[in-house]
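S.K.: Dropping a structure here in structure tokens format, bear with me for questions.
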Amino acid sequence: MQDYRQLRVHANAHALAVAVRAATRRFPRNGYASLKGQMTTAAESISFNIVEGCGADSQKEFARFLLIGIRSANELENQLKLAKDYGLLTTLDWESLTESTVDVRRMLYGLRTKVRETFSSGTASTQKRTTQKRSTQTAKSNSVDRPAL
């Protein structure tokens, strides 16, 4: 278990969610409620999945939550492009939010790689110990005195 407050990626994801919420407040009241809702949900989901993953029971489960965060970042990046193309975001806002999204996603990939290495090396160590234990047991069973034929 890890303290999400100690992760820079969480701080950046949180700031991104706040920035997306502020940007979508400037959308027209009519006609874009679905896109606005999906953008804020995707942005918030990144941060939420980091937090939820930090409370996971295993590193493997933590990595799964980080992957969900990566997918939410992919979704948000596409939604930002749509918002720009619909004329809802200025080019400057779109560039800034997209850069932040890509940066958070890059950080998530890096953290996920580290987390996966941790549980992969743990799995390898466990497998090695299990194999050694089996070898020892096999050697002992082979050394048992057998009656002559």
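S.K.: Look through Thr101, Thr138, Thr131 and report the one residue that is at pLDDT 95 or above, among the β-branched types (Val, Ile, Thr) and out of contact with any strand residue (DSSP E or B) (no Cβ under 6 Å at 6 or more places or on another chain). Before the answer, list the steps.
M.R.: Numbers: Thr138 fails: at pLDDT 95 or above; Thr131 fails: at pLDDT 95 or above.
One residue alone meets the criteria, Thr101.
Here is a yes/no grid of residues against (1) touching a strand residue (DSSP E or B) at 6+ places or on another chain (Cβ under 9 Å); (2) touching a residue at least 24 places away in the same chain (Cβ under 8 Å); (3) not in a helix (DSSP H, G or I):
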{"site": "His14", "(1), (2), (3)": "no, yes, no"}
{"site": "Ala22", "(1), (2), (3)": "no, no, no"}
{"site": "Ser34", "(1), (2), (3)": "no, no, no"}
{"site": "Ala56", "(1), (2), (3)": "no, yes, yes"}
{"site": "Ser72", "(1), (2), (3)": "no, yes, no"}
{"site": "Trp94", "(1), (2), (3)": "no, no, no"}
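S.K.: Right, something else. Could you tell me whether any residue of segment 18-29 is surrounded by 13 or more Cβ atoms within 10 Å (Cβ to Cβ) and among the charged types (D, E, K, R)?
M.R.: yes
S.K.: Small (Gly, Ala, Ser) and modelled with pLDDT of 95 or more: is that true of Ala42 in this structure?
M.R.: Criteria met by Ala42.
S.K.: Please go through segment 6-21 and give me each residue that is within 16 Å of Lys84 (Cβ to Cβ) and either out of contact with any helix residue (DSSP H, G or I) (no Cβ under 8 Å at 6 or more places or on another chain) or small (Gly, Ala, Ser) (or both), ordered by number.
M.R.: Correct list: Ala19 only.
S.K.: Being among the polar types (S, T, N, Q), surrounded by fewer than 20 Cβ atoms within 10 Å (Cβ to Cβ) and assigned to a helix (DSSP H, G or I) is true for just one of Gln79, Gln2, Gln38. Which residue is that? Spell out the reasoning first.
M.R.: On the way: Gln79 fails: surrounded by fewer than 20 Cβ atoms within 10 Å (Cβ to Cβ); Gln2 fails: assigned to a helix (DSSP H, G or I).
The match here is Gln38.
The values are calculated or read from the model by the stated rules, or taken from the named source; none is laboratory data. Model, not experiment: these values are computed from the prediction. With ideal geometry, Cβ positions are generated from the backbone for all residues, glycine too; neighbour counts draw on all protein chains shown.
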